[in-house]
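Comments concern the structure below.
Bear in mind that the values in this text are calculations on the coordinates, not laboratory data. In this text the structure is predicted, and so the values were computed from the model without any measurement. For neighbour counting, all protein chains shown are included, and Cβ atoms are generated from backbone atoms with ideal geometry for every residue, glycine included.
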Amino acid sequence: MIYFLIVNYYSTSLVKKLISSIPVNINVEYQVVIVNNSPKDNTIKELESESVFIFDNKDNLGFGGACNQGLEWIYRKDCQAIVWIINPDAYFEEISLEKVKNFFYLHSEVSILGTIIYTPNKKIWFAGGSFVADTGAILTTDLLTNTSAEYVGCDWVSGCSLIVNLNNFCNCPQFDDAYFLYYEDFDFCRRYAKQGYLIAVTKDFGLLHQPSSITNRYIFQKIRHSTYSYLLTLDRYTNNLILITRLVKLAVNAFILIFIRPKTAFGKFYGLLMYGRQVIHRIKIKPLL
């Protein structure tokens with residue numbers, strides 16, 4: 001069984017386009033699970049059907065929190081399922097569900113799989129993620145163009161198109177709810193990679209993505225969450241020197257942008273403040289542990 005897991009935030013028209021791009025296949029069962037993070041968006045209910053299940057949340061849980069809700073529900077129903085997490089601003093040009101199912105039959109060792117992602121004009125948007133711990137560089141790297149392999153191991157894959165092979169997990173895999181938005185996919189991959197799970201990316205199937213078509217509607221929110229999540233990630237996966245250097249650069253950049261792009265600047269400041277509060281909270285509770 002393949003489950004498509006979609007997190008909605010005021011994007012019903014995009015979700016509708018995504019669902020309509022999934023082909024009906026009598027040989028492969030699938031279900032769409034939508035976690036609605038926009039409680040006032042009643043239009044999403046129009047998409048509910050026998051093959052589309054919708055969770056209505058009272059509050060916005062963030063991307064990772066919403067994915068966790070969907071993953072837990074699916075895991076209880078079918079702990080051997082294939083769960084394809086897809087951004088609502090993505091869609092299929094063509095996809096063979098049989099090919100997806102056969103991939104995991106032939107390569108059951110893969111636990112978390114990213115797919116190649118194209119922009120609507122067919123340029124590669126994502127084809128693999130790498131991480132350089134010594135510098136803190138979180139990079140997108142084209143690992144697929146010059147290979148004929150069915151998959152390539154990598155450090156992380158994009159949450160825009162991320163497939164979880166539940167059959168490989170003794171417990172339901174979860175995103176860290178410390179991340180509200182951004183970098184939760186990186187943290188998800190690195191945590192499970194450290195536990196021995198194989199993270200990989202494939203070009204055997206993929207989708208099209210309209211980058212930032214949702215988040216760009218909310219620039220301040222986008223920048224504050226990305227700034228905080230970036231610093232949290234550096235805190236966890238690099239050293240203090242790199243963290244402090246990047247933090248100072250972010251602060252200087254925010255000051256420069258105040259009069260040019262104020263929403264971006266204040267988003268960065270707020271993200272820095274959120275991270276500072278998190279550090280202070282951690283210091284306060286540390287003696288109690």
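So here's what we get for this one:
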{"read-out": "Most positive-pole-ward Cα, Val252, Leu231, Gln221, against dipole of segment 218-288 from beta carbon charges", "value": "Gln221"}
{"read-out": "GNM result for the chain, Cα springs below 10 Å: residue of Ile163, Ile124, Ile199 fluctuating most strongly", "value": "Ile124"}
{"read-out": "Gain on full stretching of the segment that runs from Thr145 to Asp59 - 0.36 nm per residue minus C-alpha separation", "value": "26.9 nm"}
{"read-out": "Dipole of segment 1-115 [Lys/Arg +1, Asp/Glu -1 at C-beta], most positive-end residue of Ala66, Val52, Ser13", "value": "Ala66"}
{"read-out": "Cα centre as origin, Lys/Arg/Asp/Glu Cβ charges: the chain dipole, Debye", "value": "1320 debye"}
{"read-out": "CD proxy at 222 nm, helix term only [per DSSP H run n ≥ 4: -39500 (n - 2.57); per residue of the chain; nearest 500]", "value": "-12000 deg cm²/dmol"}
{"read-out": "Neighbour-count ranking [beta-carbon atoms within 10 angstrom, fewest first] of Tyr105, Tyr275", "value": "Tyr105, Tyr275"}
{"read-out": "For segment 92-221: rounded, prolate or oblate by the Cα gyration tensor [a/c cutoff 1.5]", "value": "rounded"}
{"read-out": "Size of charge dipole - segment 218-288 - debye, nearest 20, with Cβ of Lys, Arg +1 and Asp, Glu -1, no other charges", "value": "100 debye"}
{"read-out": "Relative contact order for segment 218-288, counting Cα pairs under 8 Å that sit 6 or more residues apart, in percent", "value": "44 percent"}
{"read-out": "Contact order normalised by residue count of the chain, Cα under 8 Å, 6+ apart, percent", "value": "19 percent"}
{"read-out": "Calculated from backbone phi, Karplus (6.51, -1.76, 1.60) coupling profile of segment 229-236 in Hz, x at Gly/Pro", "value": "5, 5, 5, 4, 5, 4, 4, 7"}
{"read-out": "Segments 92-100, 42-50, 61-69 sorted - mean Cβ within 10 Å per residue, highest first", "value": "61-69, 92-100, 42-50"}
{"read-out": "21 Å Cα-Cα threshold exceeded, pairs from Lys123/Lys222; Lys222/Lys268; Lys77/Lys101; Lys16/Lys45; Lys17/Lys45", "value": "Lys123/Lys222"}
{"read-out": "Amide proton proximity set for Val7, modelled H, under 5 Å, gap of 5+", "value": "Val35, Ile86"}
{"read-out": "Cα gyration tensor shape of segment 2-209, rounded if a/c is under 1.5, else prolate or oblate by comparing a/b with b/c", "value": "rounded"}
{"read-out": "Tail weight of P(r) past 22 Å, computed on alpha-carbon pairs of segment 218-288, percent", "value": "23 percent"}
